[in-house]
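Enquirer: My structure is below; once you've seen it, I'll send some questions.
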Amino acid sequence: GIDQFQEEFPANYIGVLFREDQGGYLAGVLAASLSESGVIGVVGGREDVPPVVRFVNAYETGAQSVNPDIRVLSVYNESFTAPDKGASDAAQFIGEGADVIFGAGGQTGSGGVAAAAEQGVWGIGVDQDEYFSTFNGGDAPGADKLASSAVKRVDLGVFTQIVASLKGEFTGGIFGLTAENAGITYAPFHDADIPDDVAAKLEET
């Protein structure tokens, strides 16, 4: 079960969970390192979904680790499937001076990232490498402004459990993916011109 937690686990069931806070922190470090205005934004999904809250809160914490005075604009949305609303959120943040937008809300967040990138503002994706999804492998407008994406390695989590099953080592319970075991990471910069010192800071983090 991906992103699933149960009070009791049978021996043949495992919940694969992720440290979204670590991914959000990386995104925040990247955003603050790229920002020239000292204002960044995050377009979130539903506030009653814990992973979204972890992304949003850690994004701010990561940004503040780089610039304690940075201003972080954030919004939660009622839907994960409203890219137009995400784009509107991003436009509002850009109007308030934000020069980096992080999308942490499914298609809604992706709408914000795409809209920001099309306007020449840095965008940071979430969950998967949005260079291939939201920006069609670099063919979509603004692909060069997608700085990176905070990636949850769902593929690694599933593959690890398949291997454990084949080896007879599968055990029910919780399997956590973190930055330490490479389950939480960030996507390649692709077409984005990220300064060497920013790349080094992100890798060091």
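Enquirer: Compare the Cα positions of 108, 178, 97 along the charge dipole of segment 96-205 (+1 at Cβ of Lys, Arg; -1 at Cβ of Asp, Glu; about the Cα centre) and return the one farthest towards the positive end.
Expert: Farthest towards the positive end: 178.
Enquirer: Report, in debye and to the nearest 20, how large the dipole of the chain comes out about its Cα centre when Lys and Arg carry +1 and Asp and Glu carry -1 on their Cβ. Each step should come with its number before you reach the end.
Expert: Values: 10 positive and 30 negative charges, 73 e Å.
Dipole size: approximately 360 debye.
Enquirer: Here's something else I'd like to know. If amide H atoms are built 1.01 Å from N in the plane of the peptide, which residues on other chains or at least 5 residues away come under 5 Å of the amide H of residue 18?
Expert: 177
Enquirer: Net charge around residue 88, counting only other residues with Cβ within less than 15 Å of its Cβ (Lys, Arg = +1; Asp, Glu = -1)?
Expert: -4
Enquirer: Give, in nm to one decimal, the length gained when the segment between residue 154 and residue 199 is fully stretched (0.36 nm per residue of separation minus the Cα-Cα distance).
Expert: Numbers: separation 45, 0.36 × 45 = 16.20 nm, distance 2.40 nm.
So the extension gain works out to 13.8 nm.
Enquirer: Probe radius 1.4 Å, ligands and nucleic acids left out: which of 130, 169 has the largest accessible area, and how do the rest follow? Could the numbers behind the result be given before it?
Expert: Numbers: 130 5, 169 115 Å².
Sorted descending by solvent-accessible area, the residues read 169, 130.
Enquirer: Antiparallel versus total DSSP beta bridges in the chain: what percent is that, nearest 5? Before the final figure, lay out the partial values.
Expert: Working: 3 of 26 bridges.
Within the chain, antiparallel bridges account for around 10 percent of the total.
Enquirer: Using a 1.4 Å probe, how large is the accessible area of residue 177, given in Å² and rounded to the nearest 10?
Expert: My reading of the accessible area for residue 177 is about 0 Å².
Enquirer: Using a cut-off of 28 Å between alpha-carbon atoms, which lysines can reach residue 85, once sequence neighbours fewer than 8 places away in the same chain are excluded?
Expert: Filter leaves 145, 152.
Enquirer: Moving on. In Å, what Kirkwood hydrodynamic radius results for the chain from the alpha-carbon pair distances?
Expert: Values: mean 1/r = 0.0587 Å⁻¹.
Value: 17.0 Å, from the Cα pair sum.
Enquirer: With a 1.4 Å probe and all protein chains in place, put 5, 102, 170 in order of accessible area, largest first. Don't skip to the end; give the middle numbers.
Expert: On the way: 5 125, 102 0, 170 65 Å².
If we order 5, 102, 170 from most to least accessible, we get 5, 170, 102.
Enquirer: Please report the spacing between the Cα centers of segment 178-196 and segment 95-128 in Å, no decimals.
Expert: Here the answer is 17 Å between Cα centres.
Enquirer: Further, regarding this structure: Is it possible to state the helix-based mean residue ellipticity at 222 nm for the chain, with each DSSP H run of 4+ residues giving -39500 (n - 2.57), the sum divided by total residues, to the nearest 500 deg cm²/dmol? What is it?
Expert: Values: 6 runs with 80 residues, N = 205.
Only helices count here, giving -12500 deg cm²/dmol.
Enquirer: So for each of 118-126, 72-80 I average, over its residues, the number of other beta carbons within 10 Å; can you give me the resulting order with the highest mean first? Before the final figure, lay out the partial values.
Expert: Numbers: 118-126: 23.7, 72-80: 18.2.
The most tightly packed comes first, giving 118-126, 72-80.
Enquirer: Based on the Cβ-Cβ distance from residue 144 to residue 37, what FRET efficiency comes out when R0 is 22 Å, to the nearest 0.05? Can you show the working numbers first?
Expert: Numbers: r = 19 Å, r/R0 = 0.88.
About 0.70, to the nearest 0.05.
Enquirer: Given H placed 1.01 Å from N in the peptide plane, which residues other than close sequence neighbours of residue 186 have an amide H under 5 Å from its amide H?
Expert: The answer is 151.
The values are calculated or read from the model by the stated rules, or taken from the named source; none is laboratory data. No experiment lies behind these values; they were computed from the predicted model shown. All Cβ positions, glycine included, derive from the backbone under ideal geometry; neighbour counts span all protein chains shown. Accessible surface areas use protein heavy atoms only, side chains included; no ligands, DNA or RNA. Shrake-Rupley method; radii C 1.70, N 1.55, O 1.52, S 1.80 Å.
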